[in-house]
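A short write-up of the structure that comes next.
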Amino acid sequence: MKELMLELLTYEPFGEFLPEEKEYIREILSGNDNPPPSLAKFHELFSGFYDYYVQCEKFEDAKKFEDAKKAKDAELSRYISKLRAWKAKNGRAQLPIFYKKICFYLMVKEGFSESGFMAQIGSHVSRIREWKISPEFRKRAEDDTYSVIRSYRSGTKRKYLVSLIKRLYYEAGRQVSQSMVLNKLPPFVDVFAGTASVAASVVTNGCPPPIVNDYDPILVCFAWAFTYYQSELCAEIAEFHNDLMKKDPQSANWSYDEKAYEAHYGSVDQRTVLTLPKVWDDPMTQWLHMEFYGYSKEDIEEGRRLAQRHQEFVIRARNGYIDVRNVLDRLEGSDDAKNCLRSIDFNKLPKNMSDPQNAPVLMDVLDYALAMFFYYSFPPLAGHIYHEVIVDVDSYSSFLNSLDASKRKNKTDKADKAVKADQAVKADTLLRRQLKASSLTLESTGSFSRHLKDAEFYCKDFRDILQNNSEAERVYYLDSPYFLTVGYDVGFSDDDHKDMLDLLRKAEFKWIFSMQYYPSKTDASTTSQDENNRKKQPHIIRDYGAYYRGFYTPFQLDTDQRSYVATDTPMEDEKNLYAILFDVKTAKAKSQEIYRNTSEMLVVNFNCLPTIPLHDSAVVLPFALFLQCADAGMNYGDIVLKAIDWRRDYIEKNFAGKIPV
């Protein structure tokens, strides 16, 4: 009972409990499941809620889903009837906060409409406003609106993280606007938007349009083009694929040719490498297959034909990938070209091809968007390394199947069904496969383009976004290049990190900051492999503890040690800072896909407790306590346990006040 009471206290509404309520809550929190008779009316209310909660947990384990749902619905109906009877017996004039919390919990968790639930307990829906709760607002904040364009690009955020960012945006927006009406929320500003999946997932129908920014112009091209020109992109993808599969390998000037193919596939004993056409001309190979596998001469010829087709397919696919990579490499190597893209006012570009004056600019934007899409459409071999050798039969087939809606619906495609295990036959199928633009879909999940259709797109330095647009009536999300990537080819230096934290520390607006957790003394730049991979640019900030302190106190530069150190300032300024981590065990119990060894964390500069209840997959810790853990070198999992213990203790000590716990 105590655990359920602790969780219930973290739900709306928040306010001063009646004296009897306080007394009853203290009894339950002290471990007394049988309070004195003088508190019977509250125990009747809560014990029934507890019985329902326990029964529902049992139903979750039931083998038959339909039977479990019916049993749960029946149990819920019985308890709602008890709520109605309790209200009738104890009076309507001053319903306790405790009663309202239970109603809010049930409406949010069980998906009731406000009017439907209130009718069942014998109240008018207008009472919702008098109670100062908004279940519909909370449900919208927790709805799954994850939206992405298929991509293996490093940095794409997982659903569990994006879902939390959405809840945080809703809560920060509620605090700013003092309203739980979606169109009155402040705009969501994604400062380092990347492929804009966070903005597309967080800002849904009814919210103000988001602001999408990234200093990398290709990423802005990607987000903008996939918002407004999906049909044109589908046509270009189909044309690119169909032309690629029709080219003659013998006449084209390939970067990846037969010689490269043989070097790649000939690294194993040739008699066993049957994807090399010339292997089938080897007399020993022919004899082995005819003697031991019962091959006929026709089978040998078919084997050679399929090996030839496999070679042709791989040469085509990898050359297409190389061509795309060269487009991106040329842009990456040209500051003039990147600055030219940055100078584009994306918000004034036409939303269709009807304006010939802008046609050249539009084509450049679409070409770069497609190049990046194709480049990141294939899973890397290891880590985040992309190279043409990963474009093989399986990866290319998976790429096509993810795009072609008609293909995904046709589960009995004979050409694919019969040959899943045979790479050569599958390659032959792919060479003959032609795409239709009308059957392609680029959004793998959600409603990416619909949620971004009114967004503002920028390609500016983060300083311009935070300084020039740093309005209190906006909520800013920052997923900057991580601290320990300084010195790599991400174009984000130690000074950039320092300037960013300086701006956040002084900010009057609400912000949400993404990063990864490392103990305070971590300095991955000292490893030989890291040093070899870094540029000559010196690594200045060496200590994560100093970096964390940058959220509430300025850095100073130690010129002798070539490192930034935090000034010895009291932590009074960090009282509104919270660190948020993830409880992997709870997330898995809720069937959330989460990395077992995740190190993801968020830092926010507002009270996030109202949107993160106890027993959630996200856990909260005041920044001062988090920093103590980081300084002590605690691992991620132990900090999560520390956060859970802190929350329980905080609720017990503060439940009787008006502040969210």
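The values are calculated or read from the model by the stated rules, or taken from the named source; none is laboratory data. Keep in mind that this is a model prediction, so the values were computed, not measured. All Cβ positions, glycine included, derive from the backbone under ideal geometry; neighbour counts span all protein chains shown. To get the accessible areas, we keep the full protein, side chains included, count just its heavy atoms, and leave off ligands, DNA and RNA. Shrake-Rupley method; radii C 1.70, N 1.55, O 1.52, S 1.80 Å.
Which length gain, in nm to one decimal place, applies between Arg330 and Lys575 when the Cα-Cα distance is subtracted from 0.36 nm times their residue separation?
Result: 83.4 nm gained on full extension.
How would segment 329-407 be classified by its alpha-carbon gyration tensor: rounded, prolate or oblate, with rounded meaning a/c under 1.5 and the a/b versus b/c comparison settling the rest?
oblate
Calculate, in nm to one decimal, what Ser231 and Asn358 gain on full extension: separation in residues at 0.36 nm each, minus their alpha carbon distance. Could the numbers behind the result be given before it?
Numbers: separation 127, 0.36 × 127 = 45.72 nm, distance 1.81 nm.
In short, 43.9 nm is gained.
Answer rounded, prolate or oblate for segment 279-339, using the Cα gyration tensor with square roots of eigenvalues a ≥ b ≥ c: rounded when a/c is under 1.5, else prolate when a/b is larger than b/c, else oblate.
prolate
Modelled label-to-label distance, Asp645 and Gln178, 7 Å Cα→beta-carbon offset: nm?
4.0 nm
With everything on Cα atoms, drop me the angle between helix 393-403 and the longest principal axis of the chain, reported from 0 to 90° to the nearest 10.
50 degrees
Alpha carbon centre of segment 316-383 versus segment 604-661: separation in Å?
44 Å
Just grab the label-to-label distance for Ser30 and Ala88, each label 7 Å out from Cα along the Cβ direction, in nm (one decimal).
Going from the Ser30 label point to the Ala88 one covers 3.5 nm.
Heavy atoms only, 1.4 Å probe, whole protein assembly: order Tyr458, Tyr295 by accessible area, highest first.
If we order Tyr458, Tyr295 from most to least accessible, we get Tyr295, Tyr458.
Modelling each spin label as a point 7 Å along the Cα-to-Cβ direction, I'd like the Asp323/Glu301 distance in nm, to one decimal.
3.3 nm
Ranked from highest to lowest mean number of other Cβ atoms within 10 Å per residue, what is the order of the peptides 322-329, 193-200?
Top to bottom by mean Cβ count within 10 Å: 193-200, 322-329.
For Lys69 and Ala507, calculate 0.36 nm times their separation in residues minus their Cα-Cα distance, and state this gained length in nm to one decimal.
Full-extension gain reported as 152.9 nm.
Could you report the chain's accessible area per residue, 1.4 Å probe, as an integer in Å²?
The answer is 47 Å² per residue.
Given a Förster radius of 30 Å and the C-beta distance between Gln592 and Ser398 as r, what FRET efficiency does 1/(1 + (r/R0)^6) yield to the nearest 0.05?
Here the calculated transfer efficiency is 0.80.
Roughly how many Å² of Phe374 are accessible to a 1.4 Å probe, to the nearest 10?
10 Å²
Given bins 5 angstrom wide, list per bin the percent of all Cα-Cα distances in segment 161-228, short to long.
It works out to 3, 19, 26, 23, 15, 9, 4, 0, in whole percents.
Starting from the Kirkwood Rh over alpha-carbon pairs, what translational D in µm² s⁻¹ does segment 88-158 have by Stokes-Einstein at 37 °C and 0.692 mPa s?
227 µm²/s
Just how much of Arg84 is accessible, in Å², when a 1.4 Å probe is used and the result is rounded to the nearest 10?
120 Å²
Estimate the FRET efficiency between Gln120 and Tyr293 by the formula 1/(1 + (r/R0)^6), using the beta-carbon distance for r and 56 Å for R0, to the nearest 0.05.
Details: r = 71 Å, r/R0 = 1.27.
Plugging the Cβ-Cβ distance into 1/(1 + (r/R0)^6) gives 0.20.
Note the angle between two axes, namely the Cα long axis of helix 65-90 and the longest principal axis of the Cα atoms of the chain, as a number of degrees from 0 to 90, rounded to the nearest 10.
Its long axis makes an angle of about 20 degrees.
Suppose R0 equals 60 Å; then what is the FRET efficiency for Lys41 and Ala405 from their Cβ-Cβ distance, rounded to the nearest 0.05?
Calculated transfer efficiency: 0.55.
On C-alpha positions alone, give me the angle between the axis of helix 230-246 and the longest principal axis of the chain, in degrees, nearest 10.
With rounding to tens, the tilt is 30 degrees.
At 10 °C and 1.306 mPa s, what whole-number value in µm²/s does Stokes-Einstein give for the translational diffusion of segment 8-133, with Rh from the Kirkwood sum over Cα pairs?
103 µm²/s
At a probe size of 1.4 Å, how large is the accessible area of His43, to the nearest 10 Å²?
Accessible surface of His43 is approximately 40 Å².
Could you pull out which residues in segment 161-190 have an amide N less than 11 Å from a spot 7 Å beyond the Cα of Ala472, following the Cα-Cβ vector?
Answer for this model: 176-177.
In bins 10 Å wide, starting from 0, what share of all Cα pairs of segment 577-634 does each bin hold, as a percent?
22, 51, 27, 1
Using amide H atoms built 1.01 Å from N in the peptide plane, name the residues 5+ places from Asn213, or on other chains, whose amide H lies under 5 Å from its own.
Asp190, Ala193, Tyr458
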